[in-house]
Amino acid sequence: VMEQWHMSLSDEQSDFTKDVAQLICHGSSKNIKMMLKEGYRHPKLQEYYYSIGKTKTKNSLHMVGLAVDFDFKINNKICYEPVLLATLGEFWETIDEHNEWGGYWDFLDVRHFERRRKPRKKRVHGA
């Protein structure tokens with residue numbers, strides 16, 4: 001996962017952490033409780049997740065501290081409904097062009113928020 005970044009990895013991690021803080025505040029403002037479940041992931045755990053089909057990649061951004069997974073509660077009930085969580089994904093992707101939400105992937109992962117090396121493809125939100 002150690003690819004060329006547009007800034008140093010530690011600067012990326014710092015900016016990513018600030019963006020995650022904004023995301024949590026946004027969720028709170030929308031009455032979505034967010035519980036952090038996973039941040040950094042050891043490469044051996046990534047290998048295991050890959051072997052059991054829990055992930056589609058061996059090179060997760062979790063392994064460099066640029067991805068997080070959350071659980072969510074809406075109205076005191078655990079929620080993973082993409083339609084109800086889209087406000088978080090849209091907000092996340094408007095903070096920085098390198099941020100991407102797993103709720104838009106073919107391999108749906110609404111719990112996942114990451115910062116990519118290259119800007120993601122532009123997406124029309126709210127359409």
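The values are calculated or read from the model by the stated rules, or taken from the named source; none is laboratory data. Bear in mind the structure is a predicted one, so any value in this text is a computation, not a measurement. Here the Cβ is made from the backbone with ideal geometry for all residues, glycine too, and neighbour counts use every protein chain on show. Note: areas computed on protein heavy atoms with side chains; ligands, DNA, RNA excluded. Shrake-Rupley method; radii C 1.70, N 1.55, O 1.52, S 1.80 Å.
Structure summary
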{"read-out": "Rg over Rh [alpha-carbon atoms, Kirkwood Rh] for segment 1-101", "value": "0.98"}
{"read-out": "Sites CYS25 and ARG120 - FRET efficiency at Förster radius 25 Å, r taken between beta-carbons, to 0.05", "value": "0.70"}
{"read-out": "Kyte-Doolittle mean at least -1.0, axial Cα span of 24 Å or more - DSSP H helices of the chain", "value": "9-29"}
{"read-out": "Two-site label geometry, LYS54 and SER10: point separation in nm, points 7 Å out along Cα→Cβ", "value": "3.1 nm"}
{"read-out": "Surface accessible to a 1.4 Å probe, per residue, for the residues of the chain, Å²", "value": "60 Å²"}
{"read-out": "Relative contact order [Cα under 8 Å, 6+ residues apart], the chain, whole percent", "value": "25 percent"}
{"read-out": "Exposure rank, largest accessible area first [HIS42, HIS26; 1.4 Å]", "value": "HIS42, HIS26"}
{"read-out": "Potential extension, LYS33-LYS73 segment - 0.36 nm per residue separation minus Cα distance", "value": "13.9 nm"}
{"read-out": "Straight-distance crosslink candidates among aspartates and glutamates, where the alpha carbon sits under 13 Å from LYS73 and sequence neighbours closer than 8 are dropped", "value": "GLU81"}
